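**Student:** Please see the structure below; I have some questions.
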Amino acid sequence: MLNGKTAVVTGGGSGIGRATALKLAADGANVVIIHMDPEEKAAEVVGEIEALGAKAKAVRGDVSDFEAAKDMLDQIVEEFGSIDILINCAGITRDTLIARMKEEEFDAVIGVNLKGTFNMIRHATPYFMKQRSGSIVNVSSVSGIIGNPGQANYSTSKAGVIGLTKSTAKELVSRGVRCNAVAPGFIATDMTANLSKNNKLVDMIPMKRMGTAEEVADLIFFLASDASSYITGEIIKVDGGVAI
């Protein structure tokens, strides 16, 4: 049980982040979601978490901003007393072919998906090291493993998350901190709403369906919990067999 532990979930206002926040709260964790969603949407998630009996808070903030990320984490620890679990789920896409990709489209995706993940880990690390415990789960993608046409920016950012995960795991393992990543395939969320209508895409998936946010959240929960206490530095796919 995660009773008394504090989990921070970036991108927690929707999709995989929301499903993960609810999964953690259902097991007793207090949950802070960091989001860029409309306030009413975040408030709904907070209400759902509180209905599960957990303490919840929504913080609107940009994880790609180094100083803002530090301020958010410092305030969270001041209010909740600790940070025990960090889930880096915030992500954006700006899909287009390399020949058409603008510099700002590349930079924006790297900024949120990769730098944002680094920012959160960087500023959570002093707290983890001081308490000599903690679990970090980063959300990568099978696109970061096998690449994907039209997603050079996204694939690069998610490949970077894999390298960051492994380096973090090696650096922090002696301090009792674990760092793992999940690599989802095609998951039915708001971000992939248009893809779900593409029958040819679904046919590429050996399981012949898109995954659910809850299926990814189940794995994130496992990696965040003590049930995976002897696992660190791993990248685990949740993709219905796409990247076999």
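**Student:** Fully extended, how many nm does the chain gain between ASP95 and LYS41 (0.36 nm per residue separation, minus their Cα-Cα distance)? Before the final figure, lay out the partial values.
**Tutor:** Numbers: separation 54, 0.36 × 54 = 19.44 nm, distance 2.49 nm.
So the extension gain works out to 17.0 nm.
**Student:** If the range 17-94 were replaced by its equivalent ellipsoid, with semi-axes equal to the square roots of 5 times the Cα gyration tensor eigenvalues, what would those be, largest first, whole Å? Don't skip to the end; give the middle numbers.
**Tutor:** Details: eigenvalues 74, 50, 25 Å².
Here the semi-axes work out to 19, 16, 11 Å.
**Student:** If you look at just the Cα atoms of the range 96-168, how large are its Rg and its Dmax in Å?
**Tutor:** Every Cα atom of the range 96-168 included, Rg and Dmax give 14.1, 48 Å.
**Student:** Which one, ILE236, GLY134, SER157, projects farthest toward the positive side of the charge dipole computed for the range 91-244 from Cβ point charges (K/R +1, D/E -1)?
**Tutor:** GLY134
**Student:** By count of other Cβ within 10 Å, fewest leading, how are LEU97, LEU219 ordered?
**Tutor:** Working: LEU97 10, LEU219 19.
Result, fewest neighbours first: LEU97, LEU219.
**Student:** Which aspartates and glutamates have a Cα lying under 14 Å from the Cα of LYS41, excluding residues fewer than 8 positions away in the same chain?
**Tutor:** The reachable aspartates and glutamates, counting only those whose Cα sits under 14 Å from LYS41, are ASP190.
**Student:** Against the globular-protein guess of 2.2 N^0.38 Å, express the Cα radius of gyration of the range 113-244 as a ratio, rounded to two decimals. Show your work: numbers first, answer last.
**Tutor:** Values: Rg = 15.5 Å, N = 132, 2.2 N^0.38 = 14.1 Å.
Relative to the 2.2 N^0.38 Å estimate, the range 113-244 comes out at 1.10.
**Student:** Using the Karplus curve 6.51 cos²θ - 1.76 cosθ + 1.60 with θ = phi - 60°, what ³J(HN,Hα) values do you get for each residue of the range 180-190, in whole Hz, with x for Gly and Pro?
**Tutor:** 10, 9, 10, 10, x, x, 8, 10, 6, 9, 4
**Student:** How big is the shadow of the Cα convex hull of the range 6-238, averaged over all directions, in nm²? Intermediate values should be presented prior to the final figure.
**Tutor:** Working: hull surface 49.1 nm².
The directionally averaged projection comes out at 12.3 nm².
**Student:** Fewest Cβ neighbours within 10 Å first, please rank CYS179, CYS89 accordingly. Before the final figure, lay out each step's value.
**Tutor:** On the way: CYS179 27, CYS89 30.
With the fewest neighbours first, CYS179, CYS89 line up as CYS179, CYS89.
**Student:** Another question, if that's okay. Helix 15-26: angle to the longest alpha-carbon principal axis of the chain, degrees 0 to 90, nearest 10?
**Tutor:** In the chain, helix 15-26 runs at an angle near 30 degrees to the longest axis.
**Student:** Using just the helices of the chain, give the 222 nm mean residue ellipticity in deg cm²/dmol: DSSP H runs with n ≥ 4 each add -39,500 (n - 2.57), and the total is spread over all residues, rounded to 500. Before the final figure, lay out the partial values.
**Tutor:** Working: 9 runs with 105 residues, N = 244.
Computed mean residue ellipticity for the chain: -13500 deg cm²/dmol.
**Student:** Here's something else I'd like to know. Contact order normalised by length for the range 165-244, with contacts defined as Cα pairs under 8 Å and 6 or more residues apart; what percent is it? Please report the intermediate quantities before stating the final value.
**Tutor:** Details: 102 pairs, mean separation 36.7, N = 80.
Reported as a whole number, the value is 46 percent.
**Student:** Only four residue types carry charge here, +1 at the Cβ of Lys and Arg and -1 at the Cβ of Asp and Glu. Report the dipole size of the range 1-57 about the Cα centre in Debye, rounded to the nearest 20.
**Tutor:** Using only the charged Cβ atoms, the result is roughly 240 debye.
**Student:** Also: Percent relative contact order of the chain, based on C-alpha pairs within less than 8 angstrom and at least six residues apart?
**Tutor:** On the way: 499 pairs, mean separation 45.8, N = 244.
Relative contact order comes out at 19 percent.
**Student:** Going by how many other beta carbons lie within 10 Å of each one, how would you line up PHE66, PHE221, PHE80, fewest first?
**Tutor:** Details: PHE66 14, PHE221 24, PHE80 18.
Ordered from fewest to most neighbouring Cβ atoms within 10 Å, PHE66, PHE221, PHE80 come out as PHE66, PHE80, PHE221.
**Student:** Roughly what would the spin-label model give for ARG122 and PHE66, points 7 Å off Cα along C-beta, in nm?
**Tutor:** Each label point lies 7 Å from its Cα, and together they span 0.4 nm.
**Student:** Using a Gaussian network model of the chain whose springs link C-alpha atoms within less than 10 Å, name the residue from MET36, MET204, MET72 with the highest mean-square fluctuation.
**Tutor:** Highest fluctuation of the listed residues: MET204.
**Student:** Identify, among ILE205, ALA25, ASN88, the residue whose Cα sits farthest towards the positive end of the charge dipole of the chain, taking +1 on the Cβ of Lys and Arg and -1 on the Cβ of Asp and Glu, with the dipole about the Cα centre.
**Tutor:** ILE205
**Student:** Based on the Cβ-Cβ distance from GLN75 to ARG132, what FRET efficiency comes out when R0 is 30 Å, to the nearest 0.05? Please report the intermediate quantities before stating the final value.
**Tutor:** Values: r = 23 Å, r/R0 = 0.76.
Once rounded, the FRET efficiency stands at 0.85.
**Student:** Taking springs between alpha-carbon atoms closer than 10 angstrom, which of ILE49, ILE220, ILE145 fluctuates most in the Gaussian network model of the chain?
**Tutor:** Most flexible of the set in this elastic network: ILE145.
**Student:** With springs only between Cα atoms under 10 Å apart, run a GNM on the chain and tell me which of ARG18, ARG132, ARG100 wobbles the most.
**Tutor:** Looking only at ARG18, ARG132, ARG100, the largest GNM fluctuation is found for ARG100.
**Student:** Right, next: With angles folded into 0 to 90 degrees, how steeply does helix 39-51 sit against the dominant principal axis of the chain? Use alpha carbons for both and round to 10.
**Tutor:** Tilt of helix 39-51: around 60 degrees.
**Student:** On a straight-distance basis, which lysines could pair with LYS130 in a cross-link, Cα separation under 25 angstrom, same-chain partners fewer than 8 positions away excluded?
**Tutor:** Partners found: LYS5, LYS55, LYS57, LYS70, LYS115, LYS166, LYS170.
**Student:** Explain nothing, just compute: Karplus ³J(HN,Hα) = 6.51 cos²θ - 1.76 cosθ + 1.60, θ = phi - 60°, for every residue of the range 228-244 in order, whole Hz, x for Gly and Pro.
**Tutor:** Once rounded to whole Hz, the list reads 10, 5, 10, 10, 8, x, 9, 10, 10, 7, 10, 9, x, x, 4, 9, 4.
Bear in mind that the values in this text are calculations on the coordinates, not laboratory data. In this text the structure is predicted, and so the values were computed from the model without any measurement. Positions of Cβ are backbone-derived with ideal geometry, glycine not excepted, and every protein chain shown enters the neighbour counts.
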